[in-house]
Structure formats: C-alpha cells, structure tokens
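The values are calculated or read from the model by the stated rules, or taken from the named source; none is laboratory data. Keep in mind that what you see is a predicted model, and the values were worked out from it rather than measured. Cβ sites come from the backbone with ideal geometry, for glycine too, and all protein chains shown count toward neighbours.
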Amino acid sequence: MKEKAEKKVGGEWEESGGKKERGEKGKRGSKAPPPPGEADMNREKTAGLLFLALLFAIIFWDAFWFLSKFMLLFVIAYVVYLVVKSRS
C-alpha cells in the first residue's frame, strides 16, 4: 500500500502522493469585486426577468388552474390505486 507524503503548508495539509492537493487558504472562494457598472446591469437583468415572470403568470393564470384540476384528479386516482394495491 502506498503511503502519501503530507506536509503542512499555509495552515492546511498538502498531499504530494495523490491527485488532491490543497494549498493556501482562501484560494477557492477569493473573487475580485465586480466593476461599478456591472452591478447596475445585474439589477436591470433581474428586473427584466421578474417582469417576464410576472407577465407569464398573468397570461397563463387561467391555463395553470385549468391544468391543475387534471393534476389533482391524477393524484387522487394514484392514491386510490396505492390504497387498493396495499389492501390486496
């Protein structure tokens, strides 16, 4: 069985014999802050997506409730099927 050589580097253990190697702390999640104009673009994108979601909900509101009735009937039939199956 192979032994892996380990040494402590920057507060964490580093394995030199395997594929996993951990180096210094903070490498994984460190990210530079976005440029000033990018925050406004993200805000506009979010507002646009919320508007589209609201528009979709208003347009398809009746269709959603119409189709939900079929889903409710399907669920009731499936529950009845499970009850009958478990009793036999």
If Phe70 meets every condition in (1) surrounded by 10 or more Cβ atoms within 10 Å (Cβ to Cβ); (2) at pLDDT 85 or above apart from one, which number is that one? (1)
I need every pair where a residue in segment 70-88 that is free of Cβ contacts under 8 Å to residues at least 24 places away in the same chain has its Cβ under 6 Å from the Cβ of a residue that is surrounded by 10 or more Cβ atoms within 10 Å (Cβ to Cβ), sequence separation at least 6 or different chains. none
